[in-house]
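The values are calculated or read from the model by the stated rules, or taken from the named source; none is laboratory data. Computed from a predicted model, the values in this text were never measured in an experiment. Methodologically, a virtual Cβ is constructed for each residue, glycine included, from the backbone with ideal geometry; neighbour enumeration extends over all protein chains shown.
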Amino acid sequence: MLARLFQPLSPFIPAIKLMNVFYEEDGTFKAGMILADNITSLQVEAPHGKRSKIKSVSVLLKFDAPPLSEFIHIAQKTADEIDLSFLWECCATDVEFASDTLAADYFGHSPSPVELAAVLSRLHGAPMYFYKKGRGRYKAAPPEALKSALASQDKKNLQAEQQSRYVSLLITFTLPDEFRPMLSELLYQPDKRSIEWKALDAACTAVKLSALKLLEKCGAIPSSHDYHFNRFLLEYFPEGIGFSSLNGSDDQITWSDLPVADVVAFSIDDATTTEIDDAFSVTPLPFGSIRIGIHIAAPALGIGAGSPLNDVVAKRLSTVYMPGDKITMLPEAVIHHYTLGEDRLCPVLSMYLEVSDDFAIVNTHSCIEQVRISANLRHDTLEQHFNEQTLTGNTLDHPFGRELRSLWNFANRMEALRGKGSDSNNDRIDYSFNVKDDFVMITERRRGSPIDKVVSELMIFVNTEWGKQLADGGVAGIYRNQSGGKVRMSTSPAPHHGLGVSQYAWVSSPLRRYIDLINQRQLIALLRREEPPYAKEGDELLLAIRDFEAVYEAYGEFQRRMERYWCLRWLLQENINTTSAQVLKEGLVGLDRLPLAMRVPSLPDMPPETHVEVEISKIDLLELTCDARYMRRMDT
């Protein structure tokens, strides 16, 4: 009895036939076998065995043949054979349609589940041809819309092929010809949506290099110097560094009506200076006293506040300096017109100081006049005659020896009055760069040399005194104030603690700085008893300060960057592999003979100013980096 209960089912009892479904999930079509039908949802099993729960409304059709494992493959193969253009032509473009209706029209008979799935797949996979309007419902794209979409697709395909070609070239370090006109953009301001950038980015990933390094390997950066220079120009001089028609003399005037000073004046500058702003004179007076003249070039006499040239200068704001070159604030013709050139009669704003025999100032007087410049003295030739040794040994043999000695004694008196006679900054080293035909010479000069002291003290005095005159006269000006170690520009006079003066206004470099030109205009109006161009209540000076501070800092950073570049070039040029240096602080040293600081990760803990030897390697002139390794301590 029990044996009969456990016998197999009779082969004549039919097996349960399982139903399959074709459904949409997350934007894709799938097929599965129904395990349970819960009216609003179904439990299905995919061909690979995964079970999931789907909504009943997601089901597009039910089928029992062909087998589930083959259905998707056969349906996709059938879909691939459907002529998409003919399928679109079977539809009216102004009404929606059901996919099963279109399938019947296309195949010419009641479609099988495979044919229904194939048409659905084809409709779903061609959004340019057919717009989805609901589950299993579509609308054919209008002819013009389809034409436009197909053209766009063709363009994308062409771009993809082009991008692929670019990548193939770049990974072999070959620059595509199409890249050449847009190298500046790719290097400095890439459009990351462009196919050129996408190709470059893909190639960088493939060869494991940065875009800069890959382009360098492709020969796109023939000059490392020009790479840095052009990046600066693109940001701050996008229209170029020329002055176009402003090179003329529209803003220039003659000054024959100005009185001519009865003095012998001379300037002191380095050999490359063309914008000579300042000159000096020393005239003997009775009883051992002298009259010192400080003469400042006066472009404000001809460059009006509202002139076209001023509009350009108000954008440049300063001359840009870099080793071996500069970008002047003013056009060359204008500079030549106003610079204090040798053997020329020049318009100047002069301050005369009557100085007693002990070099105390008795009185001062300012005026607008003409001065004949007798000589432009240059540092490189003057310093061999005018230095500490010649001053101490009374051997100052120079055509202007008497004048220079008087100015030196006066400068020492002024420095002491400012409380800066023992200033440690006087012992700092300055560096001069001389670049010719890509060969760089870097020379050292001590900051507190007699030449530096004379020029700096006279400039500090004239800027301090003229700042005071503007304030006392109730005329608006721009001042440089310092407190707590921070320098800021303001329209209100305040002490400059770093210089040890009650107020300080830039007036002495009007050929090179826009702020000085503004202050010179105000000072000229004060001396002439005229209405000044800039009112205290206006916002013109505040806007000028804002613009100047932003640009001046950027120009200074560019100069420091280019000095670093030429220091690295010098190390390569001189084949320097090891060099001496001084510890600046933890992990940082300053190289001897160069204004170059660098990180040394291997540097032991040492006090500042300790002398060490470091090894230099892997100099990169694009990244402006190098590797430095500690070798030994040198001062023990």
Inset, instruction - Check off (1) surrounded by fewer than 19 Cβ atoms within 10 Å (Cβ to Cβ); (2) assigned to a helix (DSSP H, G or I) for PHE558 and give me the number that stays unchecked. - result: (1)
Inset, instruction - Give the residue that is farthest from GLU465 (Cα to Cα), with candidates limited to residues of region 478-502 that are in contact with a His (Cβ under 7 Å, 6 or more places away or on another chain) and polar (S, T, N, Q). - result: SER483
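Determine if region 437-450 includes at least one residue that is within 26 Å of THR283 (Cα to Cα), modelled with pLDDT of 85 or more and either part of a strand (DSSP E or B) or assigned by TED's automatic domain parsing to the domain that holds ILE294 (or both). Talk me through it step by step, then tell me what you get.
From region 437-450, those within 26 Å of THR283 (Cα to Cα) are 448-450; that's our starting set.
From the residues that got through so far, the ones that are modelled with pLDDT of 85 or more too are 449-450.
Those still in the list that are either part of a strand (DSSP E or B) or assigned by TED's automatic domain parsing to the domain that holds ILE294 (or both) too: 449-450.
There is at least one residue in region 437-450 that is within 26 Å of THR283 (Cα to Cα), modelled with pLDDT of 85 or more and either part of a strand (DSSP E or B) or assigned by TED's automatic domain parsing to the domain that holds ILE294 (or both).
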Inset, instruction - Give region 451-488 a look and list any residue that's buried (at least 19 other Cβ atoms within 10 Å of the Cβ), in a helix (DSSP H, G or I) and among the charged types (D, E, K, R), or say none. - result: GLU457, GLU465
Inset, instruction - Mind listing whichever residues of region 302-335 are under 13 Å from ALA544 (Cβ atoms) and in contact with a strand residue (DSSP E or B) (Cβ under 9 Å, 6 or more places away or on another chain)? - result: ARG316, LEU317, SER318
Inset, instruction - Would you tally the residues in region 1-54 being at negative phi, modelled with pLDDT of 50 or more and hydrophobic (A, V, I, L, M, F, W, C)? - result: 14
Inset, instruction - Return the residue satisfying two criteria in turn: it lies in region 318-339 and is surrounded by fewer than 22 Cβ atoms within 10 Å (Cβ to Cβ) and among the aliphatic types (A, V, I, L, M), and of such residues it is farthest from the chain's Cα centre (by Cα). - result: ALA333
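Based on what the data block shows, is ALA597 surrounded by 15 or more Cβ atoms within 10 Å (Cβ to Cβ), free of Cβ contacts under 8 Å to residues at least 24 places away in the same chain and among the hydrophobic types (A, V, I, L, M, F, W, C)?
Numbers: surrounded by 15 or more Cβ atoms within 10 Å (Cβ to Cβ): yes; free of Cβ contacts under 8 Å to residues at least 24 places away in the same chain: yes; among the hydrophobic types (A, V, I, L, M, F, W, C): yes.
Yes.
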Legend entry - Yes/no for LEU622 being within 25 Å of ARG428 (Cα to Cα), of a type in the set (A, V, I, L, M) and surrounded by fewer than 20 Cβ atoms within 10 Å (Cβ to Cβ): no
Inset, instruction - Enumerate the strands (runs of 3 or more DSSP E) found wholly within region 566-636, keeping only those where 3 or more residues are of a type outside the set (Lys, Arg). - result: 578-585, 588-591, 611-620, 625-633
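Out of the residues in region 281-307 that are assigned to a loop (DSSP other than H, G, I, E, B) and hydrophobic (A, V, I, L, M, F, W, C), which is modelled with the highest pLDDT? Lay out the reasoning, then the answer.
Of region 281-307, the ones assigned to a loop (DSSP other than H, G, I, E, B) are 285, 289, 298, 302-307.
Filter once more, so that each one left must be hydrophobic (A, V, I, L, M, F, W, C): 285, 298, 303, 305.
Details: LEU285: 92, ALA298: 95, ILE303: 92, ALA305: 90.
Taking the candidates together, the pick is ALA298.
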